[in-house]
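Taking it in order: structure first as structure tokens, then the write-up.
The values are calculated or read from the model by the stated rules, or taken from the named source; none is laboratory data. Keep in mind it's a predicted model, so treat the numbers as computed, not measured. Cβ sites come from the backbone with ideal geometry, for glycine too, and all protein chains shown count toward neighbours. Side chains are part of the model used for accessible areas, which takes the heavy atoms of the whole protein and leaves out ligands, DNA and RNA. Shrake-Rupley method; radii C 1.70, N 1.55, O 1.52, S 1.80 Å.
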Amino acid sequence: MARRGETASIISRAPSETYTDITAEEGPVFNVDEAMENIGMGPYQYKRFPIVAMVGFSQSCVLMLPYILLVYFTCNYHLSTVEQGITIGAMLTGNLLGDLVAGMVCDRTGRKFVLVLGTWVLTLGTLSLLLLTHFFFFLLWRTFSLGIGIGLCTFTSIIYVSEMATPEARGKSITLINVFWGAGTLYTATMAWLFMNNMGVKAVVVMVSIPLFVTSILCCVLPDTPKYLAASGDPEGARMVLKAMAEENDKELPTGSLHTQPVLRRGVMRDMFEEDHIRNSVMMMIIFFSAGFVFYTGYAMTPYILEEGYCGLPKPAVHRVCTFASDTLKEAVIITAAEITILPFTAALSENWGRLPTIRLISCLLLFASTFIFWCLSPLVFITALFLQRGACQSLFNVLYLYTPELYPTYMRAVSCGVVMSCMTGGGLVSSLLVYTVGLGYSWKILMGLLAGCALVVCVTTFLLELETQGTYLPDMSVEMGACMPCKFVKKKIRKRIKRYQSRRQQTLSDDDDSEENEVVGDDSEENEVVGDNSKENEVVRDKEEVGDTGVGENTAVDRSAHLNEAYQENG
């Protein structure tokens, strides 16, 4: 805890004329990070994080549903591969718009508002499928309802969990969202397998809408994060949320007043390209775009290369387009298992080893898998590399979702994450064009070469990142490179470093003082030497007067004695 007037060891900065310092009364003060450190993880978070994880579950259900409905439209409307690609591009276009809008709105109106808005957009849009009568209507629904709804919810749910969790539990909490995402994929595939062939596509829509409707209602009871409330100028609201957390977790708030610095300008996109953030922002945009291209291309090309028997793979004996067969469910289960099995391992690795080493390791694994997909050595190696690439992509995004909010301060966290996330969607939008023009039109080898090239870009760029955020508080203001606030389980190391630095500094200052004293003593000794030389000269003069030497020395002694006699006579 700090007191007013004390200088913090780490100085945070915000753009000029963007924040107002609300000072507390004289006495002890504390900030949101110190309060969260006292409160810790407990029943308050354990009751509310599953609700936020259900938002990821809902997004996954809505994302999987159009792929299943595409079977229905392909059968009834005889869609070409180009029209199928247009549906994917429409979804990603809406997703890109949703990412950008969600970032700006989330920093200005709050995390809770965007979560509630996004879940209700997903719910009502899914229910509107019951009126589905034409492919054009399906295309519009996919663009606005699915794309914008997912864009509103994706990074907002991650930011909400990041700001409500302690630093040591942040990674596990975000991994929970990704695990629920995989569960949503399995749920939608299972509902399609059980009901689509017997009861029709509308039965599947109703079954998928049930968890969406429940999630939308539960999100309305969530509080906003104290980080956002403090940054938006509502210290009383932030204190009420912290007090409720402390009471439910059976802990106490620090004594004193809550100190906040509300930022007046929030959610401005150009702030992420200022001097402190432009390097990280550009590199994160490159990583998300390239990884998004690999991720979405893998999703889009997998059904076609399996159907064509690429790289010696066995072709399916029967291809049924109007039913959801058990083989399709089996494929969805295997793909989802490949994505979520590795998630807990990478999350634990990022918490114990660090964010950057884990990101670099996974990017190397992604490059390794993409290279073997391009070489196509054998069917077994190809299918293994394909699933390894899928799991590496999902794990990379899992750690990046954890790393990205830790790079930016509260007043620009959502808009920065939205811009970065839109780059991932942009990579997917490019992939939706290339899969159907390059892959199906010319050669899968060219497309897989592009995948390997993008994986190489991701791997190289991750090694250019410098800021390690593991074990740090989420910054409230713009933070200098490498000046993230450490949490309690890394403070001891920081304190030891500070003590060593202070001792070395004190030793250097004492050495400088000693050298200055020695110089002063040396000057005094020189003066004494000069005085001594004068006294010796006087002694020589007296000796020469008594001895009466001749020559130059005698004349000098006589002249000096004459001057002395004249002065003596003048003075009486």
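Results, tabulated for the structure shown:
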quantity: Of residues in segment 374-400 being open to solvent by less than 50 Å² (accessible area, probe 1.4 Å) and of a type in the set (F, W, Y), the one farthest from the chain's Cα centre (by Cα); calculated: F382
quantity: Set T225, T188, T166: member being over 17 Å from L115 (Cα atoms), under 19 Å from the mean Cα position of the chain (by Cα), open to solvent by less than 10 Å² (accessible area, probe 1.4 Å) and polar (S, T, N, Q); calculated: T166
quantity: Among the residues listed as T341, T371, T346, the single one being closer than 29 Å to Y187 by Cα and surrounded by fewer than 20 Cβ atoms within 10 Å (Cβ to Cβ); calculated: T341
quantity: Residue match in segment 212-221 (condition: crowded, with 19+ Cβ neighbours inside 10 Å and either at pLDDT below 90 or over 16 Å from R48 (Cα atoms) (or both)); calculated: yes
quantity: Matching residues, segment 258-267, being buried (at least 17 other Cβ atoms within 10 Å of the Cβ), in a loop (DSSP other than H, G, I, E, B) and either among the aliphatic types (A, V, I, L, M) or in contact with a strand residue (DSSP E or B) (Cβ under 9 Å, 6 or more places away or on another chain) (or both); calculated: H259, Q261, P262
quantity: Answer from T225, T185 - the residue that is closer than 30 Å to S257 by Cα and β-branched (V, I, T); calculated: T225
quantity: Residue match in segment 410-421 (condition: of a type in the set (S, T, N, Q), open to solvent by less than 10 Å² (accessible area, probe 1.4 Å) and touching a strand residue (DSSP E or B) at 6+ places or on another chain (Cβ under 8 Å)); calculated: yes
quantity: Residue list for segment 430-450, filter: open to solvent by 10 Å² or more (accessible area, probe 1.4 Å) and within 30 Å of the chain's Cα centre (by Cα); calculated: V430, L433, L434, G449, L450
quantity: Residue in segment 414-429 that is farthest from the chain's Cα centre (by Cα), counting only those that are closer than 29 Å to L229 by Cα and of a type in the set (S, T, Y); calculated: S422
quantity: Meets criteria (under 30 Å from G98 (Cβ atoms) and at pLDDT 90 or above) for Q45; calculated: yes
quantity: Near pairs, Cβ below 6 angstrom, 6+ apart or cross-chain, from segment 176-188 (more than 15 Å from L396 (Cα to Cα) and hydroxyl-bearing (S, T, Y)) to any residue that is part of a helix (DSSP H, G or I) and open to solvent by less than 50 Å² (accessible area, probe 1.4 Å); calculated: T185/S60; T185/M64; T185/T336; T188/C61; T188/M64; T188/L65; T188/V208
quantity: Top-ranked residue in segment 196-211 [being in contact (Cβ under 8 Å) with a residue 40 or more places away in the chain and open to solvent by 10 Å² or more (accessible area, probe 1.4 Å); ranked as farthest from the chain's Cα centre (by Cα)]; calculated: N197
quantity: Breaking point among (1) at pLDDT below 90; (2) over 30 Å from V263 (Cβ atoms); (3) in a helix (DSSP H, G or I), for A414; calculated: (2)
quantity: Test: A230 is within 28 Å of G256 (Cβ to Cβ) and crowded, with 24+ Cβ neighbours inside 10 Å; calculated: yes
